[in-house]
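Enquirer: Have a look at the structure that comes next, please.
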Amino acid sequence: MTELLEREDLLAQLEAARVEGGRLLFVGGEAGVGKTSLVRAFTAAKPALHGSCENLATPTPFGPFLDVGVDIGGEPRQVAVALLRELERTPLLVLEDAHWADGATLDVLRVLGRRIDGTAALVLATYRDDEVDSEHPLRIVLGELASAAAVSRISVPRLSFDAVRKLAEPHGADGRAIHRLTCGNAFYVTEILAAAESSLPETVRDAVLARAKTLEPAARRLLDVVSVVPSRAELWLLEAVAGDLIERLGECLASGVLREEDDGIVFRHELARLAIESVVAPDRRRELHARILIALESGGDVARLAHHAEGAGDSAAVLRYAPEAARRAAAASAHLQAAAQYARALRHSSSLSSFERADLLAAHGRETSVTGNHDASIASRLEAIELYRQLEDPLREGDVWARLSLTYIAPGRNAEAERASTRSIELLEKFPPGRELANAYCTQAYMRMLSRDNAAGVEWGEKALTVAEALGDDDGVSQALNMIGTSHLMAGEIDRGIGYLLRSADLGRSLQDENRISSALGMLGSGLGEMYELELAEKFLHEHIAFSEERDFVTSYSQSWLAAVHVYRGRWDEGAALAKSLLADTAISRITALIALGRVRARRGDPGVAEVLDEALELAKPGGHLQRLGHVYAARAEAAWLTGDRERTVEEAHAGYPLAIEKRHLWFAGELAYWQWKASSLQEAPDWIAEPYRLQLEGRVREAADAWRARDCPYEAARALAESDDVELQLAALRELDLLGAGPAATALRRALQARGATVPRGPRPSTRANPGELTTRELDVLRLVAAGKRNADVAAELVLSPRTVDHHVSAILRKLQVRTRGEAAAAASELGLLLLQDR
Amino acid sequence: METYVILRRRGWQSGEELQEAAARSTAEGERMSEDIRWIRSYVLEEGDGVGTVCIYQASSPEAIRAHASAANLPVDEIVRVADTVVVRADPQPATIES
């Protein structure tokens, strides 16, 4: 072991994090730079838990936590909870090589990142930052955890020239040349120094091989054996596989090439293992894999067995272990690994019957679809379909067509999705109605719902419902109710839609199926948002977010709709802040977040409108669905109008209008008609558009304003009043616009009033803002309850918020009121009269 | 960080009021130093009071709004700066006295 140079600062940072506790620290750096050495030096004299991720295409789900001794039979959330309990006893965990982590392990890290705050534990996760590109699963986790206060990253730099010289000196080596060659990579430097060759090895690999050459031939052969075991090689395994060579182990350990870890043997560094493995002759490698396979077969881990089976070229063994490993990985939500295991099985499937092969392809299609690898999923499913067709098994063929149709939707291949769905129904309707048919109907209902073909959505949903009910398939019933309810909502049948969706959620509760409950709550929240039922939408969005956060489900889509609802209810600060916090996300939640942010900027007259709304349009286009396009074009038309560009207002509004009319979307048709009418390019709109817009187009601005106010849309209400002929009403509108900070609308109205000769008040000074503490409506809600002496948990229950959200609100309140305790907040609030203020 | 011009027309009754605002602005700016940096300001003679044209660097328009709201400063308009052309150094600042 080399002396640890230039790491004092990093060690001090680690120590500070340990003392503080409740931290997850990602330790990044290139391979060989010295991450492990740093972490080892830090944990040397401390009790600590250790786990390592393996360099395997198909790592074992939860692999590193197996080392830690935590029960890994369960979902990631349960494993995380077990781990947190373990950390209460030993509050230090080192997780090595997180860039190789399986999906289940990454899920555990996600949960840890959010829950470690408040504990006494420190978790260190090392990773190769140069191998984690934007598509890498770990990068996605890092992105998600970027805003978590308990999570941070440090990076281990390369050694400086001075350090390399200091290391080289005792060997009499040329520090300058070594530094130039290695760029200060600590592992490379030590390998060169250990090899002690007269000419410097050109690569890390050469350095490792040169160093290995200094061993006796038998010891060198033992290295070959160890190199074929990617994870830690157990002693008993080496004894079984290496034969007499095992006697040379002492020599390998003494030279520092290998080291002992727990009950096994590992290379000093993964780079060294790879270098040695790369020069093992192919025949020898296959033979070693075969021997390891036999030795492990008495009860080894199936993922490991599958790896060595493939290395041994033993197809029968691959087919024995890989599908089983895939099923276990899928059960642990490690879908990438499950897909890789199925792919491995497929590589060795030439001996299988067409039927078995088709089943493997269908399973591979399912797992790749979950991980978002749509191309692979589509290819496998098409192949499975072709095999089932040849086998004349229309039931299975039809089932895969239905699943394939959903996979086509994500990349926007709508026409193919429609064809696949139609085909599945054709095939499955020839059989007595079964679960497959119920699912195929439901899939068709889902596509109609996405396209906002609401009547057809209800119709297909009813068909699915009939089949599922006859079968007693409660899960199918719950899904069908969800589809029917959502389509009713989108048709403006609000009460009926809510009724169906609540029944779907109730059924989910009785089935204890959290996905069904979550889906129904999410649909209620976002669907009611799209229908401008803002108060109800907000209630269900909070309910969905609280439900999902507790279970570590994704909340970003509901959060994005919550941001939009904040904006439409006049809470621009809150809406913009929430929208921005979501922009690390991809896909559909990003579109709605961008729209919310774009609306706020446009209404304030702030810069940066085009960049967000252009991106939203780009993201919405491939799907081609009204629910996104209608929303984006409405926001873009509004933004164009607020900059005074009539021509572009018409252009943007018209781009979304025909589709909104075709689908009879009350709100998108209403808003897009309104902007064209404002820009004087529309004579007539249908009479079914949403009421506030219809009233405005009819010139009944006072009633329109009342209708907007009833929906709690202060900006839209003021915008309607501004169109009045009555100076008093216009002045009232101006006060509201000033209060909101609606620069462009206020400026335009001021000009109009001045042109009429009215006396126009100046804009508001900061001191006349909404309330002295600048608290948001939601913060006022929380403050009222806090001032009444309620605990955060009670506040959360009463307002249907997650306790964590309440924590955030309380700290914001303390900050804004510039007080330190809840008691002081209550006192400050009553002094300022805040508790009497009602929601606007 | 991008550069922005912020117009705060007729924001204050007096130079004294403006100085108090400047102190709040500095304090809040330090608290949000990752999102906002105050570069310089030009104080406007507005007849019945004073206003400012401020040059800031900020991570987003929302950061400027949040800073203004925290420091109790008015904002009339935020404009993003596309480029800077420096011809001469700024004139010597005069001390503002009420």
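Enquirer: With N residues in region A:554-622, what two-decimal value do you get for its Cα radius of gyration over 2.2 N^0.38 Å? Don't jump to the answer; show the numbers that get you there.
Expert: Details: Rg = 10.8 Å, N = 69, 2.2 N^0.38 = 11.0 Å.
Rg over 2.2 N^0.38 Å, computed on Cα atoms: 0.98.
Enquirer: Rounded to two decimals, what is Rg over Rh for the protein assembly as shown when you use alpha-carbon atoms and the Kirkwood radius? Spell out each step's value before the answer.
Expert: Working: Rg = 32.5 Å, Rh = 31.9 Å.
Using only Cα positions, Rg/Rh for the protein assembly as shown is 1.02.
Enquirer: Per the Debye formula with a single identical scatterer at each Cα and no solvent contribution, what log10 I(q)/I(0) holds for region A:690-769 at q = 0.14, 0.21, 0.24 Å⁻¹?
Expert: Listed by q, the Debye log ratios stand at -0.43, -0.90, -1.10.
Enquirer: While we're looking at this one, here's another question. What whole-number value in Å² describes the accessible area per residue of chain B for a 1.4 Å probe?
Expert: Details: 5850 Å² over 98 residues.
That works out to 60 Å² for each residue.
Enquirer: Moving on to the next point. What is the angle, in °, between the Cα long axis of helix A:609-620 and the longest principal axis of the Cα atoms in chain A? Nearest 10 is fine, range 0 to 90.
Expert: In chain A, helix A:609-620 runs at an angle near 70 degrees to the longest axis.
Enquirer: Tally Lys and Arg at +1 and Asp and Glu at -1 over the other residues with C-beta under 10 Å from the C-beta of A:A742: what net charge comes out? Show your work: numbers first, answer last.
Expert: Working: positive: A:R603, A:R604, A:R719; negative: A:E736, A:D738.
So the environment of A:A742 carries a net charge of +1.
Enquirer: Still on this model: What's the angle, to the nearest 10 degrees (0 to 90), between helix A:217-227's Cα axis and the longest principal axis of chain A?
Expert: It works out to around 20 degrees.
Enquirer: Over chain A, what relative contact order in percent results from Cα pairs under 8 Å that are six or more residues apart?
Expert: Values: 1352 pairs, mean separation 50.1, N = 840.
This gives 6 percent for chain A.
Enquirer: Accessible area per residue of region A:8-157 at 1.4 Å probe, in Å²? Please list the in-between numbers first.
Expert: On the way: 5850 Å² over 150 residues.
Per residue, region A:8-157 has an accessible area of 39 Å².
Enquirer: Another question, then. Enter the angle in degrees (range 0 to 90, nearest 10) between the Cα long axis of helix A:777-787 and the first principal axis of the Cα atoms of chain A, meaning the one along which they spread out most.
Expert: With rounding to tens, the tilt is 80 degrees.
Enquirer: Test of the criteria: in region A:694-744, which GluC sites (Glu not before Pro) are in a DSSP loop and have at most 12 other Cβ atoms within 10 angstrom of their Cβ? The partial results should precede the final answer.
Expert: Working: sites: A:E698, A:E703, A:E716, A:E723, A:E728, A:E736; in loops: A:E698, A:E723.
In loop regions of region A:694-744 (DSSP not H, G, I, E or B), the sparsely surrounded GluC sites (Glu not before Pro) are A:E698.
Enquirer: Between chains A and B, what is the buried accessible area in Å², counting both sides, with a 1.4 Å probe and ligands, DNA and RNA left out, to the nearest 100? Don't jump to the answer; show the numbers that get you there.
Expert: Values: alone 36040 and 6580 Å², together 41140 Å².
The A and B chains share an interface burying roughly 1500 Å².
Enquirer: Something else now. Using helices alone, I'd like the mean residue ellipticity at 222 nm for chain A: each DSSP H run of four-plus residues gives -39500 (n - 2.57), total over residue count, nearest 500. Before the final figure, lay out each step's value.
Expert: Working: 44 runs with 554 residues, N = 840.
Dividing the helical sum by the residues of chain A leaves -20500 deg cm²/dmol.
Enquirer: Could you give the nm distance between label points at A:A710 and A:R389, where each point is 7 Å from its Cα heading toward the beta carbon?
Expert: 5.5
Enquirer: Show me the trypsin sites (Lys or Arg not before Pro) within region A:538-641 that DSSP assigns to loop and that have at most 16 other Cβ atoms within 10 Å of their Cβ. List each step's numbers first, then the result.
Expert: Working: sites: A:K539, A:R551, A:R569, A:R571, A:K580, A:R590, A:R599, A:R601, A:R603, A:R604, A:R628, A:R636; in loops: A:R551, A:R569, A:R571.
Answer in residue order: A:R551.
Enquirer: Let me ask something else about it. For A:G365, what charge total do you get from the other residues with a beta carbon under 10 Å from its beta carbon, if Lys and Arg give +1 and Asp and Glu give -1? Mind showing how you got there, number by number?
Expert: On the way: positive: A:R366, A:R381, A:R403; negative: A:E367, A:E383.
Taking every Cβ under 10 Å from that of A:G365, the sum is +1.
Enquirer: Once neighbouring chains are kept in place and the probe is 1.4 Å, which whole percent of the accessible area of the protein assembly as shown is contributed by carbon and sulfur? Walk me through the intermediate numbers first.
Expert: Details: 20370 of 41140 Å².
It is 50 percent, rounded to a whole number.
Enquirer: Taking only protein heavy atoms and a 1.4 Å probe, what accessible area per residue, in Å², does region A:690-769 have with all protein chains in place? Display every interim value, and only then the final one.
Expert: Details: 3710 Å² over 80 residues.
Accessible area per residue: 46 Å².
Enquirer: Which of the GluC sites (Glu not before Pro) found in region B:19-88 are in a DSSP loop and have at most 14 neighbouring Cβ atoms, other than their own, within 10 Å? The partial results should precede the final answer.
Expert: On the way: sites: B:E20, B:E28, B:E30, B:E34, B:E45, B:E46, B:E62, B:E77; in loops: B:E34, B:E46.
Answer in residue order: B:E34, B:E46.
Enquirer: Then there is this: What does the net charge come to around A:A332 if you take all other residues with beta carbon closer than 9 Å to its beta carbon, with K and R at +1 and D and E at -1? Numbers along the way, then the final one.
Expert: Values: positive: A:R328; negative: A:E75, A:D102, A:D107.
Taking every other residue near A:A332 into account, the sum is -2.
Enquirer: Taking the protein assembly as shown, how many lysine pairs are there with alpha carbons less than 25 Å apart, if each pair must be eight or more places apart or span two chains?
Expert: Counting lysine pairs in the protein assembly as shown gives 11.
The values are calculated or read from the model by the stated rules, or taken from the named source; none is laboratory data. Just so we're clear, the structure is a prediction, and the values are computed from it rather than from any experiment. All Cβ positions, even for glycine, are placed from backbone atoms using ideal geometry, and neighbour counts span all protein chains on display. Just so you know, the surface numbers come from the protein's heavy atoms only, side chains and all, with ligands and any DNA or RNA stripped out. Shrake-Rupley method; radii C 1.70, N 1.55, O 1.52, S 1.80 Å.
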